[in-house]
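*Asks:* Structure below; questions to follow.
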Amino acid sequence: MYFAIVSMDRPGATEVRADTRPAHREYLKSPPHGVTYRLGGPLLAPDGATAIGTLLVIDAPDLETAQKFSANDPYNKANLFAEVSVRPWDWGTGNPDKG
C-alpha cells in the first residue's frame, strides 16, 4: 500500500535541514525499516528555491509501519518539522507498477 508523507518545516530550521540531510538521504536507502521509498523531495517556497518541507511516497504494509518509518526519519528525530501527515495514497497516474 502506498503512503504520502507530507512534512512542513518549523520556521527558522534551515540549518537543521542542511545538517541532517545526509542522514535523511541515507535513511531512505536503508532496508531495515520495512518500507520501500518510491519518490520524494523537498517542498519549496514560492521562490522555487527555498525548502520548506518534504514530500515522500513510500510503499508499506500498513499505516502503522508508515508512521513508524516517518517517526524514525532523521529529519523528524532532529525536530525539523512543525507538522507531519502520513496518509494512505492511491497512486494512479504515472504509477510504474500499474504499467
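*Asks:* If you plug each phi of region 37-49 into the Karplus form 6.51 cos²θ - 1.76 cosθ + 1.60 with θ = phi - 60°, what whole-Hz ³J(HN,Hα) values come out, in order, with x for Gly and Pro?
*Replies:* 6, 9, 6, x, x, x, 7, 10, 5, x, 6, x, 10
*Asks:* What order do you get for 15-25, 48-58, 87-97 when each peptide is scored by the mean count of other beta carbon atoms within 10 Å, highest first?
*Replies:* In descending order of packing, they fall as 48-58, 15-25, 87-97.
*Asks:* Can I ask one more? Place a point 7 Å from the Cα of Arg25 along the Cα-to-Cβ direction; which residues of region 69-87 have their backbone N under 17 Å from it?
*Replies:* Counting only backbone N, you get 74-76.
*Asks:* Suppose every Lys and Arg Cβ carries +1 and every Asp and Glu Cβ carries -1, with no other charges. What dipole size does the chain come out with about its Cα centre, to the nearest 20 debye?
*Replies:* The calculated dipole for the chain is roughly 120 debye.
*Asks:* Let me ask you something else. As an exercise, take the mean of 1/r over every pair of distinct alpha carbons in the chain, invert it, and state the Kirkwood radius in angstroms.
*Replies:* 13.9
*Asks:* Another one. If each DSSP helix of 4+ residues adds -39,500 (n - 2.57) and the sum is divided by the residues in the chain, what number results at 222 nm, nearest 500 deg cm²/dmol?
*Replies:* The helix-only estimate for the chain comes to -9000 deg cm²/dmol at 222 nm.
Since every read-out is calculated from the coordinates, none of them should be taken as a lab result. In this text the structure is predicted, and so the values were computed from the model without any measurement. When we count neighbours, we look across all protein chains shown, and the Cβ atoms used for this are built from the backbone with ideal geometry, even at glycine.
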